[in-house]
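The values are calculated or read from the model by the stated rules, or taken from the named source; none is laboratory data. On a predicted model such as this, the values are computed, not experimentally measured, just so you know. Ideal geometry is used to build each Cβ from the backbone, glycine not excepted, and the neighbour counts take in all protein chains shown.
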Amino acid sequence: MTSTATPDQPPGITARTLFFVTVAAFGGPLALAALYAPAALADVTGSAGAVTLVGVIAFVAPVFIWLRYARDIAGPGGLTAFVEAAAGRRVALVQAAVWTGSYALYLLYTSAYVVYDVVPPAWPGVRHWRPLLAVVLPILIAGTVVAGRRVAVIAIAALGLGQLLIAGFLDVVAVQHAPTAAAFHLTASNETGHAAGSIAGLFVCGSLPLFLGGEVAGARRAFRRVLPAAFVLTGAVVLLAVYPLARDPAFAHAPVPGLSLVNYDVGHAAGVVVGLGVAASVVAVMLLEYVALTRLLHAVTAQPIQSWARRLAVALVVAGPLSLLVNPDRFYDDLLRPSLVLLWAAQVIVVAVFPLYLRRHGQLRSGHIAVTAVALGVTGFGLVTSITGAGGT
């Protein structure tokens, strides 16, 4: 799993393309800024800026751990290859199974979520077309990945660039709407701690590009440059979009807060762009998760990437009509919690074995223990709140 090349997908992804792919992975920024982060802050909008900043800073620890692993290991195994290098193949296979279960579930239920929950606030007329879109969207996603790496990576990178531009527009509108320094006043409470943990957890999908390690030109150096830059940029985009909620907390309770804010300040057409951009942002993460799944399954089984892409396509396409038969809301609700529990369990394993990896190389220091403790706090919070049902989407 620790090989640095993927036989049927030779290196060819440039650092520039990787940057926009990684931007899309961290949320992407538009979905975080316009939808997920405001929802996480709904009970602490008076300290929106401070809480967001604390959440972003807390997630530096997991990013550091990913990067330290990636300094030595780059291949299709991604996080699972890290675990194998630290704790052996048996533990790695457990982590791979947990991680695969999480993202496979995510792929199955998220199309229904996009069609039934994300798109309607921007385009109310879509309600009559939702059953059709719930079937068509998975087909489009599957077709994009089955078409091959070039098509999939270009699509993800383009969606990353597009949503970054729209998120920048949202930031300008938000800052002009209600600038207030009071948003950076932090009041210690259970609510602020929970909100900060929820904000930190929003960046967890930033590890997805690591599964492209065998296909990125100069992967180790590229990841050291790209991941921190994409993370910092995404954090800044989210912070600028949400800290004005301190003055207008009502927006945090809207179905898509960023859409409502732009619709109020700029106009309906601009709001529609933001709303549909949020939907595209979620789809970009779906595409990257699909791509990452094919790489991990290839690394674990040695079967061709395209073979896994086709198998997953069948499951994804079947999930569309199945969600309609079950009921789209119930389909989403029933699969969401197990998906989140598995996601955070997989991340806890990656973090927990990090000191073992460094000790094997004679490089474990007290600072590494501290970073691991913070990262375990972040990932453990995500796991506990997912189990108890107190976590976010």
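A few comments on the model shown:
- Checking each residue of the range 368-381 against the condition of being in a loop (DSSP other than H, G, I, E, B), within 30 Å of L67 (Cβ to Cβ) and touching a residue at least 24 places away in the same chain (Cβ under 8 Å) gives no match.
- Scanning the range 332-367 for residues that are farther than 26 Å from L296 by Cα, in a helix (DSSP H, G or I) and not polar (S, T, N, Q) turns up D333, G367.
- Residue, surrounded by the fewest Cβ atoms within 10 Å (Cβ to Cβ), within the range 332-360, restricted to residues that are touching a Ser or Thr at 6+ places or on another chain (Cβ under 7 Å) and β-branched (V, I, T): V348
- Hey, S198 modelled with pLDDT of 95 or more, closer than 14 Å to P38 by Cα and either of a type outside the set (K, R) or touching a Ser or Thr at 6+ places or on another chain (Cβ under 8 Å) (or both) or not: yes
- Condition check for W99: of a type in the set (F, W, Y), part of a helix (DSSP H, G or I) and closer than 20 Å to G214 by Cα: yes
- Listed here are the helices (runs of 4 or more DSSP H) enclosed by the range 1-95 that have at least 3 residues being under 26 Å from Y290 (Cα atoms), without any contact (Cβ under 8 Å) to a residue 40 or more places away in the chain and not hydrophobic (A, V, I, L, M, F, W, C), and there are none.
- Scanning the range 154-194 for residues that are closer than 30 Å to I13 by Cβ and among the β-branched types (V, I, T) returns I154, I156, I166.
- All positions within the range 142-188 that are without any contact (Cβ under 8 Å) to a residue 60 or more places away in the chain and part of a loop (DSSP other than H, G, I, E, B): A147, A188
- Matching residues in the range 89-102 - criterion: being within 16 Å of the chain's Cα centre (by Cα) and crowded, with 24+ Cβ neighbours inside 10 Å: W99
- Count - residues of the range 192-225 that are under 12 Å from the mean Cα position of the chain (by Cα) and not β-branched (V, I, T): 9
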